[in-house]
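Bear in mind these aren't lab numbers, they're just calculated from the coordinates by the rules spelled out. None of the values given here were measured: they were computed from a predicted structure. Note that we place each Cβ from the backbone using ideal geometry, even for glycine, and neighbour counts take in every protein chain shown.
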Amino acid sequence: MLANLCQRMFKRSLWVYHANSGGCNGCDIEVLNVLTPYYDAERFGIKLVGSPRHADVMLCQGPAMRATAKALRRAYEAMPSPKLVFAIGSCACGGGIWFDTYSVLGPVEKVIPVNYYIPGCPPRPEAIIYGVAVAVGLVDKKTVPVQFKQLELPIPRYHPNQLRGEGDLVVYEKMEKV
Amino acid sequence: MSVLSKLKETLICLKAGKVTLPYPAQAQPVPEKFRGRPLFDAVKCIGCAGCANNCPAREILVVDVCQEIRILKYLGRRCAYCGRCAEVCPEKAITMSHEFENATNSIGDLQQRLELFMSTCQRCGRCFKEPSVLEQLKLKGYRFDDLQNERWIFRSRAYLESEPAADDLRIDLE
């Protein structure tokens, strides 16, 4: 549903606003890298704007910190809807390495609703382009949750009743697995 | 001469050629030592929880539902892809893959969950006793991370009662 909405609403150029709420500038540099001629993001119509009032998309970097949470919320509310929020980097997705310090509130989704997550510390410029491409429907997302289950104990269980002497050797009978 | 200078500029631009990479249409190779998403191999994993103890972001949760089944859950939200888990793993069950295209619209897509059988002493059927008090503090037989709320709990005597192991299951979280 979100993808449909994105494709309908954001058919034309996406204007992005770049909000850093206390990150280390690693993700900022990668985002600016996306706008350089190597990863020319303007061929998708992506343009960096300086004000949230002009923007369709907000790129959040850094965790929600106690000092900047209010400003982040105000910037989000200043954007005209429909609006998309991208959380870029581990800090914005989950709070970062310093998720449990006193000044960090946690991921940015504690303050503003997030639509797309781009994990990485920092994410590669390709990963950011991939995230935007997922949002506008150019490619499909690749990640799915993985679940493994062991069904059989890999170690055989021995019991003294099943020992049998055979000359010098002791032989186990019925090596059952639990 | 403005026209001449413009022509000169055009020549320079043409000489530079095209540098833009055709990224989303065409896959882009990553460097050899690039660390992407860690992949857990349930066949090799012995459930020692070294990765969980060593993770700087505390992104790997370990829960023992009973004495013989251990659940290991990698959340991947704030993973910094530092590769410490892969480095500490004695069985090399964790590999840092080259996957970087992890963008999703729900954060739960990143998690990996392993359900492992833990082997116990074949004579008494229990786990081994730890040598010293400090070791006991660190390696208490059962571990309690909060899988429902996906958060990590400090393992200390403040939380865990010392006497019976079964009572530890009823600790109150804040």
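Once R0 is set to 22 Å, what does the formula 1/(1 + (r/R0)^6) return for the Cβ-Cβ distance between A:Ser13 and B:Ala25, expressed as a FRET efficiency to the nearest 0.05? Walk me through the intermediate numbers first.
Numbers: r = 19 Å, r/R0 = 0.88.
It comes to 0.70.
Roughly how big is the range A:2-136's charge dipole about its Cα centre, with Cβ charges of +1 (Lys, Arg) and -1 (Asp, Glu), in debye to the nearest 20?
On the way: 13 positive and 9 negative charges, 98 e Å.
Using only the charged Cβ atoms, the result is roughly 480 debye.
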Would you be so kind as to identify which of A:Ala69, A:Leu105, A:Phe44 lies farthest towards the positive end of the dipole of the range A:9-153, taking Lys and Arg as +1 and Asp and Glu as -1 on Cβ and the Cα centre as origin? A:Ala69
Averaged over its residues, how many other protein chain Cβ atoms are within 10 Å of peptide B:79-87's Cβ atoms? 3
Checking the table B:Lys33/B:Lys73; A:Lys47/A:Lys83; A:Lys149/B:Lys73; B:Lys44/B:Lys92 against a 19 Å threshold on Cα-Cα, which pairs fail? B:Lys33/B:Lys73
Where Rh is the Kirkwood radius over the Cα pairs of the range A:69-146, the temperature 37 °C and the viscosity 0.692 mPa s, what D in µm²/s does Stokes-Einstein return? 240 µm²/s
Please rank A:His18, B:His98, fewest neighbouring Cβ atoms within 10 Å first, as an exposure proxy. B:His98, A:His18
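Regarding the range A:48-99, what is the average projected area of its C-alpha convex hull, in nm²?
3.7 nm²
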Can you tell me the FRET efficiency between A:Ser103 and A:Ser51 if r is taken as the Cβ-Cβ distance and R0 is 22 Å, rounded to the nearest 0.05? 0.25
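Stretch A:Val146-A:Asp168 to full length: gain in nm at 0.36 nm per residue minus the Cα-Cα span?
Values: separation 22, 0.36 × 22 = 7.92 nm, distance 4.88 nm.
Roughly 3.0 nm would be gained on extension.
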